[in-house]
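The values are calculated or read from the model by the stated rules, or taken from the named source; none is laboratory data. These figures come from a predicted structure and were not determined experimentally. Counting neighbours? That spans all protein chains shown, and the Cβs are built from the backbone with ideal geometry, glycine included. Ligands, DNA and RNA are stripped out before the accessible areas are found, and what is left, the full protein with its side chains, is counted by its heavy atoms. Shrake-Rupley method; radii C 1.70, N 1.55, O 1.52, S 1.80 Å.
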Amino acid sequence: VFTTHAHGDHVDGLPRFISLMDARAQYEGVDIHLTERRMMEAIVNLCEVAAGHPLRGHNVRLHVVDSSFRYEDENIRLWLIPNCHLTNRRDTPNRPSYCVVVEAEGKRVIFTGDLSTRLAQDDFPKLAMEESSDLVVCEMAHFEADALHPYLERCLAGQVWFTHVSGKEGRMESVEAMRGKYPFLVEIAHDGDVIVL
(Lines give C-alpha, C1' and ligand atoms only; values in the text may rest on other atoms or scores of the structure.)
Protein backbone atom coordinates (compact mmCIF):
# COMPACT_ATOMS: atom_id res chain seq x y z
CA VAL A 1 0.00 0.00 0.00
CA PHE A 2 1.42 3.37 -1.03
CA THR A 3 -0.11 6.60 0.28
CA THR A 4 0.24 10.10 -1.21
CA HIS A 5 -0.38 12.12 1.96
CA ALA A 6 -1.90 11.83 5.41
CA HIS A 7 -5.36 13.32 4.94
CA GLY A 8 -8.31 11.32 6.24
CA ASP A 9 -10.05 10.84 2.90
CA HIS A 10 -6.91 9.04 1.71
CA VAL A 11 -5.91 6.99 4.79
CA ASP A 12 -8.92 6.57 7.08
CA GLY A 13 -9.51 2.98 5.90
CA LEU A 14 -6.00 1.84 6.83
CA PRO A 15 -6.54 1.18 10.57
CA ARG A 16 -9.34 -1.30 9.88
CA PHE A 17 -7.36 -2.96 7.08
CA ILE A 18 -4.28 -3.23 9.31
CA SER A 19 -6.33 -4.67 12.18
CA LEU A 20 -7.86 -7.29 9.90
CA MET A 21 -4.49 -8.27 8.44
CA ASP A 22 -2.85 -8.37 11.86
CA ALA A 23 -5.52 -10.67 13.29
CA ARG A 24 -5.21 -13.34 10.61
CA ALA A 25 -1.92 -15.20 10.53
CA GLN A 26 -2.88 -17.03 7.32
CA TYR A 27 -2.56 -13.84 5.25
CA GLU A 28 0.68 -13.07 3.50
CA GLY A 29 2.41 -9.99 4.90
CA VAL A 30 1.72 -6.52 3.56
CA ASP A 31 3.93 -3.43 3.49
CA ILE A 32 2.21 -0.10 4.05
CA HIS A 33 4.12 3.03 3.08
CA LEU A 34 3.02 6.21 4.87
CA THR A 35 4.23 9.78 4.39
CA GLU A 36 4.52 10.79 8.07
CA ARG A 37 5.80 9.12 11.22
CA ARG A 38 3.06 10.89 13.19
CA MET A 39 0.41 9.21 11.00
CA MET A 40 2.07 5.82 11.47
CA GLU A 41 2.09 6.26 15.26
CA ALA A 42 -1.55 7.37 15.28
CA ILE A 43 -2.64 4.38 13.19
CA VAL A 44 -0.74 1.94 15.40
CA ASN A 45 -2.23 3.52 18.54
CA LEU A 46 -5.75 3.35 17.14
CA CYS A 47 -5.32 -0.29 16.07
CA GLU A 48 -3.93 -1.28 19.45
CA VAL A 49 -6.61 0.55 21.44
CA ALA A 50 -9.37 -0.99 19.31
CA ALA A 51 -7.87 -4.51 19.53
CA GLY A 52 -6.96 -4.30 23.21
CA HIS A 53 -3.42 -5.57 22.58
CA PRO A 54 -0.28 -4.56 20.66
CA LEU A 55 -0.09 -5.29 16.95
CA ARG A 56 1.46 -8.68 16.38
CA GLY A 57 3.61 -7.32 13.56
CA HIS A 58 4.00 -10.53 11.58
CA ASN A 59 1.51 -9.63 8.84
CA VAL A 60 1.80 -5.86 8.60
CA ARG A 61 4.96 -3.84 8.14
CA LEU A 62 4.62 -0.06 8.35
CA HIS A 63 7.19 2.24 6.74
CA VAL A 64 7.62 6.01 6.53
CA VAL A 65 8.77 7.22 3.12
CA ASP A 66 10.16 10.45 1.72
CA SER A 67 10.98 11.80 -1.74
CA SER A 68 14.00 9.49 -2.02
CA PHE A 69 11.76 6.41 -1.79
CA ARG A 70 11.98 3.90 -4.65
CA TYR A 71 10.20 0.58 -4.91
CA GLU A 72 10.98 -2.14 -7.40
CA ASP A 73 10.10 -5.80 -7.68
CA GLU A 74 9.81 -8.29 -10.55
CA ASN A 75 6.61 -6.57 -11.75
CA ILE A 76 6.75 -2.82 -11.13
CA ARG A 77 8.91 0.21 -10.45
CA LEU A 78 7.46 3.03 -8.35
CA TRP A 79 8.77 6.38 -7.12
CA LEU A 80 7.47 9.57 -5.57
CA ILE A 81 7.51 13.17 -6.81
CA PRO A 82 6.88 15.82 -4.13
CA ASN A 83 3.93 18.13 -4.70
CA CYS A 84 2.60 21.13 -2.81
CA HIS A 85 -0.82 19.96 -1.63
CA LEU A 86 0.11 20.47 2.03
CA THR A 87 2.97 22.96 1.72
CA ASN A 88 1.30 26.30 2.41
CA ARG A 89 -1.91 25.34 4.16
CA ARG A 90 -2.49 27.03 7.50
CA ASP A 91 -3.95 23.86 9.03
CA THR A 92 -1.17 21.53 7.78
CA PRO A 93 1.99 23.54 7.01
CA ASN A 94 4.98 21.86 5.39
CA ARG A 95 3.77 18.30 5.60
CA PRO A 96 4.77 15.90 2.81
CA SER A 97 2.54 15.11 -0.15
CA TYR A 98 3.45 13.23 -3.32
CA CYS A 99 2.61 12.29 -6.87
CA VAL A 100 3.28 8.61 -7.59
CA VAL A 101 4.85 7.22 -10.77
CA VAL A 102 4.37 3.54 -11.58
CA GLU A 103 6.04 1.67 -14.44
CA ALA A 104 5.17 -1.90 -15.42
CA GLU A 105 5.24 -3.95 -18.61
CA GLY A 106 6.66 -1.02 -20.58
CA LYS A 107 3.84 1.32 -19.46
CA ARG A 108 3.97 4.42 -17.26
CA VAL A 109 1.17 5.76 -15.06
CA ILE A 110 1.38 9.02 -13.10
CA PHE A 111 -0.99 9.57 -10.18
CA THR A 112 -0.97 13.26 -9.25
CA GLY A 113 -2.29 12.73 -5.74
CA ASP A 114 -3.95 15.86 -4.40
CA LEU A 115 -2.32 19.02 -5.76
CA SER A 116 -2.16 22.57 -4.40
CA THR A 117 -5.34 24.61 -4.06
CA ARG A 118 -6.07 26.42 -7.34
CA LEU A 119 -2.82 24.87 -8.63
CA ALA A 120 -1.21 27.95 -7.13
CA GLN A 121 2.07 26.12 -6.50
CA ASP A 122 2.55 25.03 -10.13
CA ASP A 123 2.79 21.42 -8.93
CA PHE A 124 1.15 19.48 -11.77
CA PRO A 125 3.89 16.84 -12.25
CA LYS A 126 6.49 18.15 -14.69
CA LEU A 127 7.32 14.58 -15.69
CA ALA A 128 3.92 14.39 -17.42
CA MET A 129 4.96 17.31 -19.64
CA GLU A 130 8.58 16.26 -20.22
CA GLU A 131 8.26 12.53 -20.96
CA SER A 132 5.48 10.44 -22.42
CA SER A 133 3.22 8.44 -20.16
CA ASP A 134 0.39 6.09 -20.96
CA LEU A 135 -1.94 7.44 -18.30
CA VAL A 136 -2.18 10.39 -15.94
CA VAL A 137 -4.70 10.04 -13.12
CA CYS A 138 -5.33 13.60 -11.95
CA GLU A 139 -7.29 14.70 -8.90
CA MET A 140 -9.94 17.36 -9.48
CA ALA A 141 -11.06 18.48 -6.03
CA HIS A 142 -8.87 21.49 -5.30
CA PHE A 143 -9.01 23.61 -8.44
CA GLU A 144 -11.19 24.46 -11.42
CA ALA A 145 -10.70 22.88 -14.84
CA ASP A 146 -9.42 26.18 -16.29
CA ALA A 147 -6.39 26.04 -13.98
CA LEU A 148 -5.33 22.79 -15.67
CA HIS A 149 -5.37 24.12 -19.23
CA PRO A 150 -1.73 25.33 -19.39
CA TYR A 151 -0.55 21.94 -18.09
CA LEU A 152 -2.80 19.77 -20.23
CA GLU A 153 -1.73 21.68 -23.35
CA ARG A 154 1.80 20.35 -22.74
CA CYS A 155 0.85 16.95 -21.28
CA LEU A 156 2.36 13.98 -23.14
CA ALA A 157 -0.09 11.35 -21.92
CA GLY A 158 -2.09 8.83 -23.90
CA GLN A 159 -5.01 9.20 -21.50
CA VAL A 160 -5.94 11.55 -18.64
CA TRP A 161 -8.51 10.32 -16.16
CA PHE A 162 -9.85 12.60 -13.45
CA THR A 163 -10.61 11.31 -9.99
CA HIS A 164 -11.56 12.92 -6.68
CA VAL A 165 -13.89 15.14 -8.71
CA SER A 166 -15.63 17.24 -6.09
CA GLY A 167 -19.39 17.58 -6.00
CA LYS A 168 -19.04 21.32 -6.55
CA GLU A 169 -21.64 22.51 -9.02
CA GLY A 170 -20.45 22.34 -12.61
CA ARG A 171 -17.23 20.44 -11.84
CA MET A 172 -18.30 17.26 -13.68
CA GLU A 173 -19.50 19.28 -16.65
CA SER A 174 -16.25 21.24 -16.85
CA VAL A 175 -14.26 17.99 -17.01
CA GLU A 176 -16.60 16.56 -19.64
CA ALA A 177 -16.08 19.75 -21.69
CA MET A 178 -12.38 18.85 -21.95
CA ARG A 179 -13.15 15.84 -24.14
CA GLY A 180 -11.85 16.40 -27.65
CA LYS A 181 -9.92 19.51 -26.63
CA TYR A 182 -6.59 17.72 -26.19
CA PRO A 183 -4.74 15.05 -28.19
CA PHE A 184 -5.45 12.39 -25.56
CA LEU A 185 -8.47 10.64 -24.13
CA VAL A 186 -10.12 12.51 -21.22
CA GLU A 187 -12.39 10.62 -18.81
CA ILE A 188 -13.82 10.81 -15.30
CA ALA A 189 -12.96 7.78 -13.19
CA HIS A 190 -15.67 5.90 -11.31
CA ASP A 191 -15.43 3.02 -8.85
CA GLY A 192 -15.06 -0.24 -10.73
CA ASP A 193 -13.67 1.28 -13.93
CA VAL A 194 -11.10 -0.77 -15.82
CA ILE A 195 -8.58 1.26 -17.82
CA VAL A 196 -6.85 -0.48 -20.72
CA LEU A 197 -3.43 0.83 -21.67
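A Cβ-based charge dipole, computed about the Cα centre of the chain with Lys and Arg at +1 and Asp and Glu at -1, lands at about 400 debye. Extension gain, L46-Q26: 0.36 nm per intervening residue step, less the Cα-Cα distance, totals 4.9 nm. Taking every alpha-carbon pair in the chain and binning the separations at 5 Å intervals from zero gives 1, 7, 14, 18, 18, 16, 12, 8, 4, 2, 0, 0 percent. Solvent-accessible surface of the range 72-194, taken per residue with a 1.4 Å probe and all protein chains present: 52 Å². Would you mind checking the range 1-33 for residues with the amide N under 14 Å from a putative spin-label position 7 Å along Cα→C-beta of D193? The answer is none, because no backbone nitrogen lies closer than 14 Å to the label point.
Beta-bridge orientation, the chain: approximately 45 percent antiparallel, per DSSP, counting only bridges with both partners inside.
In terms of the mean number of neighbouring beta-carbon atoms within 10 Å, the peptides 154-166, 50-62 order highest first as 154-166, 50-62. Solvent-accessible area of the chain (1.4 angstrom probe, protein heavy atoms only): carbon and sulfur portion equals 50 percent.
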